[in-house]
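Here the structure comes first, spelled out in structure tokens, and everything after it is commentary.
The values are calculated or read from the model by the stated rules, or taken from the named source; none is laboratory data. Because the structure is predicted, anything quoted here is derived from the model rather than measured. Cβ coordinates were reconstructed from backbone atoms using ideal geometry, including for glycine residues, and neighbour counts include every protein chain displayed.
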Amino acid sequence: MASVRAPATSANLGPGFDSLGLALTLYDDVEVAVTGGGLAIEVEGEGAEVADRGERHLIVKVLRRTFDLLDGLAGTGLGQPPGLRLRCVNRIPHSRGLGSSSAAIVAGIVAARHLHPAGRLLDDAAVLRLATEIEGHPDNVAPCIAGGMTIAWTSDSGPRSVRLDPALAEVTALVPDQRLATERARGLLPETVPHGAAAANAGRAALLVAALAQGLDGGVLLDATEDRLHQDYRAPAMPESAALVERMRKAGVPAVISGAGPTVLLFTSASEVDSMTTELGNGWHIHPLNVAPHGACVRHPGSSVRP
């Protein structure tokens, strides 16, 4: 059996559109076992309503694809396992901009790698390639694989990433009840943006990497998280989130839309957020989090990583 824990992630972080990401200490647990036949799926928590999707379940599709890839790499001809049992305990909110699909994809690949006799042939670079092919972009899957903070990009040879250990310890995710499909959020982006906006974002993204890596003060971090490429264009799809980001930033708190939204990520501790209840308003679930030092991995009995 493979028992995999995969972290939530926050991509973009303001100006780092489709490139910067953080792994966060909010986890999904996925257990996969090979059985004598059939397919059994049990889902607890987020996404429990999709437990009956069978072969259409995202993790099942990822498992099948990874088994096929490993068979091809090894030339074993083993084919698919006779049966699978999948159990998911999901804590990452779905369709909220916290990388739930990336966690499912990476967990499925890591589980299949652990179960297949030729799993050693799939190194982390190959996991990143496969996860990016399935997800469509590397900004969330990269930190889910590596942990910490990642800078991801795509070259002629495929997706690549660099991992950093940010000096930042605590962040706070403000999660609304409503969901937002990533496809809808991406559909609001224009084909082109003004040159000045692109130049400003390039500078802010570079400053953000330095600010997070070196633990620069909040004033610098506030400037570093300014975005002109995507958040304003997506605001009509999540007006409450956009308004909250604006209120928080006016109060001096570095706030951004997490991924495609509508979750708002604050680069501050939950204790500081508690003192801003008037700015926060109602309808937000406060998640105090840390940057996760490790990416998705197979858990062993006695593992002490907190949920």
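With respect to being assigned to a loop (DSSP other than H, G, I, E, B) and either of a type outside the set (V, I, T) or surrounded by 20 or more Cβ atoms within 10 Å (Cβ to Cβ) (or both), G77 fits the description. Determine whether E135 is touching a helix residue (DSSP H, G or I) at 6+ places or on another chain (Cβ under 6 Å) and farther than 20 Å from L266 by Cβ. For E135, the condition - touching a helix residue (DSSP H, G or I) at 6+ places or on another chain (Cβ under 6 Å) and farther than 20 Å from L266 by Cβ - is met. The requirement of being outside any helix (DSSP H, G or I), among the acidic types (D, E), exposed (fewer than 14 other Cβ atoms within 10 Å of the Cβ) and not assigned by TED's automatic domain parsing to the domain that holds V193 is not satisfied by E31. Scanning the range 17-28 for residues that are crowded, with 24+ Cβ neighbours inside 10 Å and at pLDDT below 95 yields nothing.
Any chance the range 160-180 includes a residue that's in a helix (DSSP H, G or I) and touching a residue at least 12 places away in the same chain (Cβ under 8 Å)?
no
Residues in the range 220-274 that are touching a helix residue (DSSP H, G or I) at 6+ places or on another chain (Cβ under 7 Å) and in a loop (DSSP other than H, G, I, E, B): T225, E226, D227, R228, L229, A251, G252, P254, A260, G261, P262, F267. Scanning the range 192-209 for residues that are assigned to a loop (DSSP other than H, G, I, E, B) and among the polar types (S, T, N, Q) yields one hit, T192.
State yes or no: is E191 within 20 Å of R96 (Cα to Cα) and either assigned by TED's automatic domain parsing to the domain that holds G261 or free of Cβ contacts under 8 Å to residues at least 60 places away in the same chain (or both)? No; evaluated as a whole, the condition is false for this residue. Any residue that is under 30 Å from G38 (Cα atoms) and crowded, with 22+ Cβ neighbours inside 10 Å - is there at least one of those in the range 166-181? Within the range 166-181 (the criterion being under 30 Å from G38 (Cα atoms) and crowded, with 22+ Cβ neighbours inside 10 Å), the answer is no, since none of the residues qualifies.
Give the residues of the range 128-175 that are of a type in the set (D, E), under 29 Å from F67 (Cβ atoms) and in contact with a Gly (Cβ under 6 Å, 6 or more places away or on another chain), sorted by residue number.
D139
No other residue among L216, L189, L212 is of a type in the set (A, V, I, L, M, F, W, C) and part of a helix (DSSP H, G or I) apart from L212. Of all residues in the range 234-256, those being in contact with a Leu (Cβ under 6 Å, 6 or more places away or on another chain) and either within 18 Å of S269 (Cβ to Cβ) or loosely packed, with under 15 Cβ neighbours inside 10 Å (or both) number 4. When V253, V264 are checked against the criterion of being of a type in the set (V, I, T) and modelled with pLDDT under 95, V253 stands alone in meeting it.
Scanning the range 147-165 for residues that are among the small types (G, A, S) and closer than 19 Å to L208 by Cα turns up G147, G148, A152, S161. All of A111, A126 fail the test of being touching a strand residue (DSSP E or B) at 6+ places or on another chain (Cβ under 7 Å) and assigned by TED's automatic domain parsing to the domain that holds A23, apart from A111. Which of the numbered conditions does D156 fail, given that it passes all the others? Conditions: (1) surrounded by fewer than 21 Cβ atoms within 10 Å (Cβ to Cβ); (2) under 28 Å from V30 (Cα atoms). For D156, the exception is condition (2).
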